[in-house]
Amino acid sequence: MKDFFSETFMLESPLAVELYEKHAKSMPIFDYHCHLSAKEIYEDKVFSSLGGLWFDHDHYKWRLIRAFGTDEKNVTGNGDIYDKYLAFVDTLPYAVGNPVLHWTYCELKDVFGITEPLTRESAKRIWDKANADISQKRLSPRKMLAFYNVKGLCTTEDASADLSYHKKLKDEWPECKVIPAWRPDKILGVNSYKFIPELKALSLICGPINSYEDLKKSLVKRMNDFLEHGCVASDHDLNAFKFSLVNDKEMDEIFKKAVSLKAVTEEEAASWKCTLLVFLYSEYHKRNWAVELHAGCNRDQNMKMVKAVGEACGYDSPGDNEMALPLGQLFNHLEENGILSKSILFSLNPKDLWTLASLCYTFHEEGIRGKMQLGAAWWMQDHKKGMIDHMDALANTGLLGTFIGMLTDSRSFLSYSRHDYFRRILCTYLASYVEKGEYPYAGNIKKLTEDICYNNVIKYLFG
């Protein structure tokens, strides 16, 4: 029996150990999709405690603690931070097989050198040791990013976002690229309650927006602002997407309905999203931006709790909307018009993996390796099985060696331990093909390991 969380954790063969130790472990990180705050990185305040690091932003942990029957005051509420910590400690022994269990020990070992099991008996000891390290080492956002060897990251920003902290970081902290990724979802959701507030926020920056044409000009202005701040990627939530194009006159009519607070039909909302997305793709193509498309998520499923604690607090789940046909139609239209940008397809529903992997290889471009990417196992698929299933789909349908690798999609500065978790699983996966006699280029497997960990994403985004 293996010891828990030994140096060979998740490494299941001598070759896997070699790939990890010599070719994966020390590779830098570029996190091409996360929800960290540029403001927090710039201000660089020392973290308050292990509790703050673990529970201020981590909905993965919140979901497990709630599922254990814990009162919300000790999840996101006003409970004492140590009580929240103990609630998590009590939950962990029941999380067999869950990645949160593994991530917890990754974080404790990587950052604090703690390897003993986290139990009620050891809880105070571990709490005190971690908090002493935070205080003595003055652990802060920038120190954490430097510790994990993060060379760059893309924060997720609304079209109206204040980019001043990105500029300050560029000028004052060149060690890590902190660049904005453009996410205009609030404008694409014309029938959402977020549309009008975002429109007003845009108008304060760009001037009056009284028509669809004005809106397009405002979006172009903001895309140029993002580009000046180093943006290389856009990001879209595409749940319930339908390929349905209308002309600019019809788009203006939908716009006028929305701003006059008249009801926009589902058909009109679908046409608005699709038509505006095509326009945006034309602009992305001009700027050589990659497009991250996140599909298959039903958000805010438990409205009672969303109203009580807010959005992005752990109340989303996979959706089962049709994606293959409408995405294929979208890409075909973009390709025919010469505006299909590099695209990264994510789905929260594992049923879409093989379909989207195959769809990626239906579109290509000379000179770009892996132009259309099957995005890394995402969110609720971000676990050992999800990662292996993702790599299986990619390996069996296309070129695993061009995969751009792991991202965090996280609001937590400790989440970079997940890159190490991914790299261990990757090394075992790649080594298995050599060991089974199914891959003849044993020397090349070392290069592929390094490429998937870091090199591919840099080449993909920056050329």
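One line per residue, one yes/no per condition, for (1) surrounded by fewer than 18 Cβ atoms within 10 Å (Cβ to Cβ); (2) out of contact with any Ser or Thr (no Cβ under 9 Å at 6 or more places or on another chain); (3) more than 26 Å from I209 (Cα to Cα); (4) assigned by TED's automatic domain parsing to the domain that holds I179:
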| residue | (1), (2), (3), (4) |
| --- | --- |
| N247 | yes, no, no, yes |
| S260 | yes, yes, no, yes |
| K273 | no, no, no, yes |
| W289 | no, no, no, yes |
| R299 | yes, no, yes, yes |
| E322 | yes, yes, yes, yes |
| N332 | yes, no, yes, yes |
- line: Of all helices (runs of 4 or more DSSP H) fully inside the stretch 193-284, the set with 1 or more residues that are closer than 24 Å to K167 by Cβ is 195-206, 212-228
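Among the residues of the stretch 405-425, what is the count of those that are assigned to a helix (DSSP H, G or I) and among the hydroxyl-bearing types (S, T, Y)?
So the answer is 4.
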message: Residues that are more than 30 Å from K446 (Cα to Cα) and among the β-branched types (V, I, T): list the helices (runs of 4 or more DSSP H) wholly contained in the stretch 1-90 that include at least 1 such residues.
response: 38-43, 59-67
field: Pairs where the first residue, in the stretch 276-302, is within 19 Å of S192 (Cβ to Cβ) and the second is of a type in the set (K, R), C-beta under 9 Å, 6+ apart
entry: L276/K216; F279/K216; G296/K351
Residue check, S164 out of contact with any helix residue (DSSP H, G or I) (no Cβ under 8 Å at 6 or more places or on another chain), of a type outside the set (K, R) and either free of Cβ contacts under 8 Å to residues at least 60 places away in the same chain or surrounded by 21 or more Cβ atoms within 10 Å (Cβ to Cβ) (or both): yes
- prompt: Just a yes or no: is a residue in the stretch 337-352 buried (at least 21 other Cβ atoms within 10 Å of the Cβ) and either in contact with a Lys or Arg (Cβ under 6 Å, 6 or more places away or on another chain) or in a helix (DSSP H, G or I) (or both)?
  reply: yes
- line: If we ask which residues in the stretch 188-234 are exposed (fewer than 14 other Cβ atoms within 10 Å of the Cβ) and among the hydrophobic types (A, V, I, L, M, F, W, C), their number turns out to be 1
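The values are calculated or read from the model by the stated rules, or taken from the named source; none is laboratory data. Keep in mind that what you see is a predicted model, and the values were worked out from it rather than measured. As a convention, Cβ positions derive from the backbone with ideal geometry for all residues, glycine included, and neighbour counts pool all protein chains shown.
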